[in-house]
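Only one structure is covered here, and it is reproduced in the block below.
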Amino acid sequence: RPQEAHSLIELARALEAGSASEAGRDLLAAHLKTQPDDRDAAFAMTEIDEARRGSGSAMVLWEGFLRRFPNDTAALRRLAAMQTADGQHLPALRSLQRIAAADLADADLRHIATLGEILDETSTALQARQMIVERQSKPSVTDLMAIAALTSQHDDPALAHSALASAAEKAPQSKLVGEWLQNTTRLGTAGTFSTAVEQVKPAIEVPEKE
């Protein structure tokens, strides 16, 4: 009875909006006693509980939801965002890594890459950056520079250089950017990500027409 469940969720949300969140929650709780696998109802009840209890209880609530629905992408994203905001970088990374690869959005991959860099998990960061570039028809210079910076730090130079070469082939101005990336990384001069970006910009920027 999907339509009945949907209507019930809408009613619960309407009650919450009308300052009757406890009544809305009670409706969903009663429904879940007979339909414990109704993910949408459980998600809505968790949101209502979060609003009622405040941000201090949010992580515990979503961890509880994920014990029932361990592969829920939306809940994993929420939990990872909360963990990151709380400085729990490793748990946040592990939460994002539970999301199926096919369901990872660009924002998820960038979040994973950033956490990998913070935690010095170079392989994880490089893999995420590579996936970002693979999805782009014309990779941005910023993303390529991020790969270059990570390549110089990787424990497996051959694997890292392979990822870099693959990414550079797709780049706009591919020959120029590719040569710069290969040369600076091979010589170990890519340095930090921000430094690498500043070094390559003059070589690839196209002057604006007046």
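The values are calculated or read from the model by the stated rules, or taken from the named source; none is laboratory data. Since we're looking at a predicted model, the values are computed, not measured. For neighbour counting, all protein chains shown are included, and Cβ atoms are generated from backbone atoms with ideal geometry for every residue, glycine included. SASA here: full protein model, heavy atoms, side chains in, ligands and nucleic acids out. Shrake-Rupley method; radii C 1.70, N 1.55, O 1.52, S 1.80 Å.
Each residue in region 93-106 was checked for being in a helix (DSSP H, G or I) and surrounded by fewer than 12 Cβ atoms within 10 Å (Cβ to Cβ), and 3 of them qualify. You will find that of Leu109, Leu11, Leu90, Leu15, the residue that is loosely packed, with under 14 Cβ neighbours inside 10 Å and touching a residue at least 12 places away in the same chain (Cβ under 8 Å) is Leu90 and no other.
Is at least one residue of region 36-50 among the aromatic types (Phe, Trp, Tyr), within 22 Å of the chain's Cα centre (by Cα), within 23 Å of Leu8 (Cα to Cα) and part of a helix (DSSP H, G or I)? Yes, region 36-50 has at least one match. The one condition from (1) over 21 Å from His111 (Cα atoms); (2) open to solvent by less than 60 Å² (accessible area, probe 1.4 Å); (3) at pLDDT 90 or above that Arg39 does not meet is (2). Note on region 135-155: residues that are out of contact with any helix residue (DSSP H, G or I) (no Cβ under 8 Å at 6 or more places or on another chain) and either exposed (fewer than 13 other Cβ atoms within 10 Å of the Cβ) or at pLDDT 80 or above (or both) amount to 2. If the condition is being touching a Lys or Arg at 6+ places or on another chain (Cβ under 7 Å) and hydrophobic (A, V, I, L, M, F, W, C), then region 13-52 contributes Ala42, Ala44, Met45, Ile48. Hey, can you tell me all the residues within region 18-34 that are touching a helix residue (DSSP H, G or I) at 6+ places or on another chain (Cβ under 7 Å) and either open to solvent by 40 Å² or more (accessible area, probe 1.4 Å) or closer than 30 Å to His89 by Cα (or both)? Ala23, Arg25, Leu27, listed by residue number.
Taking region 48-62 as the range and being open to solvent by 40 Å² or more (accessible area, probe 1.4 Å) and within 21 Å of Ser7 (Cβ to Cβ) as the test, only Ala51 passes.
Among the residues making up region 112-122, those that are crowded, with 21+ Cβ neighbours inside 10 Å and under 10 Å from the mean Cα position of the chain (by Cα) are Ile112, Ala113, Leu115. Hey, can you tell me all the residues within region 63-72 that are part of a helix (DSSP H, G or I) and crowded, with 17+ Cβ neighbours inside 10 Å? Phe65, Leu66, listed by residue number. Taken together, the criteria exclude Gln130 from residues that are of a type in the set (S, T, N, Q) and assigned to a loop (DSSP other than H, G, I, E, B).
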